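Visitor: Below is the structure I would like to discuss, written out as C-alpha cells.
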Amino acid sequence: MKRPICLALALLFSHSAFADPSVQLASVEPPNETKLTDLAQNKLLYTTYFYTAGEAIVHGYEKDTDVRIVSLAENRTIWEGRVGEGQSHNVPTGQGVFAFLADKKASILVGTPSSCTAVGYYVRDINGSFTAKRFLTELPSSVFGADNQLIVWAWQDTEVTISNLSADKEIKRAKVKAGERLVLNNTDLGALNSHMLDIQSTGAVSVQVYYDQGFHVPSMDGRVSGKIFRTYVGLTTEGHNDLNLINYGRDTKVRVKNIDTGEKIWEGKLASQGVKNLRLSGVYVHIESDDEISALVAPYNFQGYAQHHFSGGHEGTGIETNFITTTSEQLWVFSYFDQNPVQILSMDDKVLWSGNLNAGHAQGYHPGAGTYKIKSREGVSVMGGSAACGAEYSPAGGLFRIDEELFQVAAQIVQARKSAAKAEGREISEDELNAPLSSSELERAAEEVEKKTGNKMSPAAIDSRMKSIQTH
C-alpha cells in the first residue's frame, strides 16, 4: 500500500480536524454583502475559495498580479504579495480552507506538490480549462518514480514549445499531430525539480503531470466530462493504477484501447449511474463513448492510498451539484454558495451525511474506501483521497469567468434601473439602485452566464454569487 512520502505531514493530518468525520473545517461570518453599485462602479477583485492539505502555489499569468490569501478558520491574511507573469509563489498554508483574492486572474495548485511529490494532475489554464494554448505549472520538488513524466496531449495539429522559466531557456520545441503526444520523461524532469514551465502551442492541447495517480482526465473541450479522452495510466507506486469510467447519464457504449498498440482493452455497456474499473500498468489509453461520461485515474476500493483528487461532476466543471467519485478513505465537500443543502450518499442512495453549508465552508467525512454520490442544491466541489499526498489545480478558478460575466451584468442592471427612473422623470435613489435583484433580472443574469461560460446556475446561486463578489 502506498504511504505518504512525508511522514510528518501524514501524522499531522491524521490528527487534524478530519479525525472527526462530521466536523466543519471553517465556521466564520460571511463578508459584508457587495452592493450592486459597487459592481457597476469599481474594478473586479477575483475572489474564490479553496481547500488544501498543506500548500497553495499561485501561478501568475499577467504582469504585477497582487494576491492575498486569507485563512477562513482564523479570519486573517496568511500571505500577501505580487506575482508576475510566468512566476509562481508557494504559500505553506497548512491544511484548511482559504480565500483567494487577486486583482488579476491566476491559477492555484493545491495539495502537497513540494512536500510530498507522489502526485498526479492535469494543468488548468488561466480560465480554469484543461484544454488551451498556454499553460504554466511549477513541477513537484522531486521525481518519484521511473515512469514519472509530463505529457502534452495534442487535440489539433500543433507546434508545442516548452520553456523553463526558472532557468530562462527553451527545453523542447516540436510539431505534434492531433491525437499524438509530446513527452518529458523522468530523466528530463529530474533536472526540473520545482522549476516553472511555460507550455505554449499553436493548437489546443492538454498537459498531464504524472508522478502518481489521483486525477480526472479532461476531454477534448477542456471539461472532465465528454466523449473522447486520452491519458497515461501509470504504474507508480504499486505497479498499477486504476482507470474508472463514470456514467451519470443513460446506458452508453464505451471503447478503451491502447494507443501505442491499437489493442482493445475493454469495450462494453457502461450502465447509468455506473462505474467501470480497469486496473492498468503503464499504458497510454484512448477512451471513446457514445454519450458523455467521465474518466478518473484514482485508487478503486483501495483503503488508505495516499492521494487526493477533485471530482469532475456531472457537467465536468468541478463546481456542480451532482457528483460520483471514488475515494481511498475520506471525502471533503466545499461550498461556494450560502445556505446550501448537501448530501453524501452510498451508490444505492442511502444517505450517509446531510447538512447545510455556507460559502467558504467545508465538510469532512470518512466513509472508507469506495464509490459515493454527493448531491447539493447549489455548486460545491468534492475531493476524495487519504492522508497528505496529492496535488491538483483548484476548480475554484473556473468561477473567475462567471464573475466577469456577472460583473458586466451588474453594470447593465444598474444602467437599466437608472434609465427606467429617468423615463419616469425622477432621480433614482441609492436604495433603489441597490435593491435585491428581481426575478427577471436574475433570469437574465443566469442566461448570460450560461451563454458565455456554459455554466448553468440557479437564480439563488446567481444572487448569492453577486453578493459575494469583491471589488477594489
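Visitor: Can you name the number of the only condition in (1) without any contact (Cβ under 8 Å) to a residue 60 or more places away in the chain; (2) crowded, with 24+ Cβ neighbours inside 10 Å that residue 355 fails?
Guide: That leaves (2) as the condition not met.
Visitor: Where residues in region 35-52 are among the polar types (S, T, N, Q) and closer than 23 Å to residue 71 by Cβ, which of them is surrounded by the most Cβ atoms within 10 Å (Cβ to Cβ)?
Guide: It comes out as 52.
Visitor: Of all residues in region 72-83 being in contact (Cβ under 8 Å) with a residue 24 or more places away in the chain and open to solvent by 10 Å² or more (accessible area, probe 1.4 Å), which is nearest to residue 132 (Cα to Cα)?
Guide: 72
Visitor: Any chance region 201-211 includes a residue that's more than 21 Å from residue 61 (Cβ to Cβ) and either open to solvent by less than 10 Å² (accessible area, probe 1.4 Å) or at pLDDT 95 or above (or both)?
Guide: Looking through region 201-211, at least one residue is more than 21 Å from residue 61 (Cβ to Cβ) and either open to solvent by less than 10 Å² (accessible area, probe 1.4 Å) or at pLDDT 95 or above (or both).
Visitor: Please work out which one of (1) surrounded by fewer than 21 Cβ atoms within 10 Å (Cβ to Cβ); (2) outside any strand (DSSP E or B); (3) among the small types (Gly, Ala, Ser) is the condition residue 318 fails and give its number.
Guide: (1)
Visitor: Do we find a residue being within 27 Å of residue 298 (Cβ to Cβ), more than 25 Å from the chain's Cα centre (by Cα) and either surrounded by 20 or more Cβ atoms within 10 Å (Cβ to Cβ) or not hydrophobic (A, V, I, L, M, F, W, C) (or both) anywhere in region 189-198?
Guide: yes
Visitor: Here is a further query. Within region 278-292, which residues are surrounded by fewer than 17 Cβ atoms within 10 Å (Cβ to Cβ) and under 21 Å from residue 371 (Cα atoms)?
Guide: 279
Visitor: Okay, moving on. Given the structure, is residue 222 closer than 21 Å to residue 298 by Cβ and assigned to a loop (DSSP other than H, G, I, E, B)?
Guide: Criteria met by residue 222.
Visitor: Of everything in region 117-143, what is outside any loop (DSSP other than H, G, I, E, B), of a type in the set (Gly, Ala, Ser) and crowded, with 24+ Cβ neighbours inside 10 Å? Give them in sequence order.
Guide: Answer for region 117-143, where residues must be outside any loop (DSSP other than H, G, I, E, B), of a type in the set (Gly, Ala, Ser) and crowded, with 24+ Cβ neighbours inside 10 Å: just 120.
Per-residue answers, yes or no, for (1) of a type outside the set (S, T, N, Q); (2) within 27 Å of residue 57 (Cα to Cα):
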site	(1), (2)
367	yes, no
371	no, no
375	yes, no
416	yes, no
424	yes, no
428	yes, no
453	no, yes
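Visitor: A follow-up question, please. Across region 321-359, what is the number of residues that are closer than 27 Å to residue 113 by Cα and assigned to a strand (DSSP E or B)?
Guide: Looking only at that region, the number is 11.
Visitor: Can I ask one more? Is it the case that residue 221 is open to solvent by 50 Å² or more (accessible area, probe 1.4 Å), under 22 Å from residue 128 (Cα atoms) and either assigned by the TED database to the domain that holds residue 323 or at pLDDT below 95 (or both)?
Guide: Answer is yes for this residue.
Visitor: Tell me which residues, restricted to region 362-406, are out of contact with any Gly (no Cβ under 7 Å at 6 or more places or on another chain), farther than 19 Å from residue 463 by Cβ and among the hydroxyl-bearing types (Ser, Thr, Tyr).
Guide: 365, 371, 372, 393, 394, listed by residue number.
Visitor: Got a number for residues in region 200-243 being among the polar types (S, T, N, Q), closer than 20 Å to residue 275 by Cβ and within 19 Å of the chain's Cα centre (by Cα)?
Guide: 4
Visitor: Looking only at region 362-372, decide whether some residue is outside the structural domain of residue 456 (by the TED database), β-branched (Val, Ile, Thr) and touching a helix residue (DSSP H, G or I) at 6+ places or on another chain (Cβ under 8 Å).
Guide: Scanning region 362-372 turns up no residue that is outside the structural domain of residue 456 (by the TED database), β-branched (Val, Ile, Thr) and touching a helix residue (DSSP H, G or I) at 6+ places or on another chain (Cβ under 8 Å).
Visitor: If I filter region 225-252 down to residues being in a strand (DSSP E or B) and charged (D, E, K, R), which single residue comes out as most open to solvent (accessible area, probe 1.4 Å)?
Guide: 227
Visitor: Please list, ordered by residue number, the helices (runs of 4 or more DSSP H) wholly in region 361-472 having 2 or more residues that are loosely packed, with under 15 Cβ neighbours inside 10 Å.
Guide: In region 361-472, 399-423, 430-433, 439-453 are the helices (runs of 4 or more DSSP H) which contain 2 or more residues that are loosely packed, with under 15 Cβ neighbours inside 10 Å.
Visitor: Is it true that some residue in region 308-325 is among the hydrophobic types (A, V, I, L, M, F, W, C) and out of contact with any Gly (no Cβ under 8 Å at 6 or more places or on another chain)?
Guide: yes
Visitor: Given (1) more than 17 Å from residue 110 (Cα to Cα); (2) modelled with pLDDT under 90, identify the lone condition not met by residue 36.
Guide: Condition not satisfied by residue 36: (2).
Visitor: Any idea how many residues of region 253-271 are among the aliphatic types (A, V, I, L, M) and not in a strand (DSSP E or B)?
Guide: 2
Visitor: Could you say whether any residue in region 254-272 is under 25 Å from the mean Cα position of the chain (by Cα) and open to solvent by 10 Å² or more (accessible area, probe 1.4 Å)?
Guide: yes
Visitor: In region 53-63, is there at least one residue being open to solvent by 40 Å² or more (accessible area, probe 1.4 Å) and either farther than 23 Å from residue 199 by Cβ or at pLDDT 90 or above (or both)?
Guide: Yes; the residues of region 53-63 include at least one that is open to solvent by 40 Å² or more (accessible area, probe 1.4 Å) and either farther than 23 Å from residue 199 by Cβ or at pLDDT 90 or above (or both).
Visitor: Further question on the same structure: Which of the strands (runs of 3 or more DSSP E) contained wholly in region 162-216 include at least 3 residues that are of a type in the set (Lys, Arg)?
Guide: Counting at least 3 such residues, we get 169-176.
The values are calculated or read from the model by the stated rules, or taken from the named source; none is laboratory data. Since the structure is predicted, the reported quantities are computational estimates derived from the model, not experimental observations. In this analysis, Cβ positions are derived from the backbone assuming ideal geometry, glycine residues included, and neighbour counts consider all displayed protein chains. Calculation scope for accessible area: heavy atoms of the full protein, side chains included, ligands and nucleic acids excluded. Shrake-Rupley method; radii C 1.70, N 1.55, O 1.52, S 1.80 Å.
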